[in-house]
1. Please identify the longest segment of chain B free of exposed GluC sites (Glu not before Pro), where exposed means a DSSP state other than H, G, I, E or B and no more than 15 other Cβ atoms within 10 Å.
2. Calculated FRET efficiency, residue B:10 and residue A:63, Cβ-Cβ r, R0 35 Å, to nearest 0.05?
3. Would you mind working out the accessible area per residue for chain B, using a 1.4 Å probe, and quoting it in Å²?
4. Principal axis lengths of region B:1-73 from Cα atoms, whole Å, largest first?
5. In square angstrom and rounded to 100, what buried accessible area do you get between chains B and A, total over both, with the probe at 1.4 Å?
6. When all protein chains stay in place, what accessible area (Å², nearest 10, 1.4 Å probe) is found for residue B:23?
7. Give me the one-decimal nm value for the distance between modelled label points at residue B:39 and residue B:17, 7 Å along each residue's Cα-to-Cβ direction.
8. Report, in degrees rounded to the nearest 10, the 0 to 90 angle that the Cα long axis of helix B:73-85 makes with the longest principal axis of chain B.
Amino acid sequence: MIVVNTDFIPGMRVVELRGLVQGNTVRAKHVGRDIAAGFKNLVGGELKAYTELLTEARRQAIERMLQQANQLGANAVLNVRFSTSSVIQGAAELYAYGTAAIVQPEGGAGDAPPEGAIGAARPLRQEPGRES
Amino acid sequence: MRVEWLVAALPLLVFLLGYLAGKWVERRHLRSLDVRESDLSPIRFHAIPLPSGEKAFIGAHMVAGEAVIVCDPFKRLAMQLKLLIGGEILGVERVVQRARREATVRMLEQARALGAREVVNVRYATSNILGMSRQTKRIGGVICAYGTALIEAGGPEGWVQP
């Protein structure tokens, strides 16, 4: 499963778009780690526990997004973005969303990517009659 | 008499500790950032979704880095004063900028682990997790930097698209 932030993948051609896929997670902090972070507050600096929380939340949100993409039969997720929201007092949600797509290697089984492939508009073909 | 003075001086000691320790921690972090940034300087990154040159790329993968950095009590006190008189809050600004640089460096380290030399479409996101603690005495920068690492043709041997 290819996951990218852009709307193109070098050397690949988008065959079909499978729609928006998303994953989110709402996480709370362990109380003990919160107290330990309180000590760190005395001198400033990085709160590693919170950084790990953020990393875990991001990883889980992306994993759920990829699960959805798998269910749709896609092999790549394009244009991934993150968004956060404060859903209730004291909790924050991390939301990852992107566009699931089926991609194919461009051209034949050649070594070099075709000319004009970089940054060029991708040929986009949607099967007629398919619901998005 | 002396015990009373010590108790009265305790908040001042906390702020003095915050000021000195905070400055030391900040200086050490900035030095570490300088070293790591110059180490990662061959990796180009920018905010548009197109590669910067005419190179041939064979693959891409999303990379991300996070950092959560808080202010010490002295910076928080300075911020409270600035909230009264108005103006730029330099202490908090420096902390958030450090968090941004740290998140960027971690993203570039992930890109380097993939063997990439270019990261495109870099975006920055923040989060409200510092407001999660009951105390709400945490002021700082929570930054997530993410982008797409592009791997060049003729890059690392035996590279496989993740």
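The values are calculated or read from the model by the stated rules, or taken from the named source; none is laboratory data. Note that the coordinates shown come from a computational prediction; the quantities given were computed from them, not determined experimentally. We place every Cβ from the backbone using ideal geometry, glycine too, and count neighbours over all the protein chains shown. We work out accessible area using only protein heavy atoms, side chains counted, and drop any ligands, DNA or RNA first. Shrake-Rupley method; radii C 1.70, N 1.55, O 1.52, S 1.80 Å.
1. On the way: sites that count: B:54, B:88, B:157.
Here the longest run is B:89-156.
2. On the way: r = 47 Å, r/R0 = 1.35.
The computed FRET efficiency comes out at 0.15.
3. Values: 8870 Å² over 162 residues.
Spelled out: the 1.4 Å probe surface of chain B, per residue, equals 55 Å².
4. 77, 20, 16
5. Numbers: alone 10640 and 8990 Å², together 15970 Å².
What B and A bury together is about 3700 Å².
6. Approximately 80 Å² of residue B:23 is accessible to the 1.4 Å probe.
7. 3.2 nm
8. So the inclination is approximately 80 degrees.
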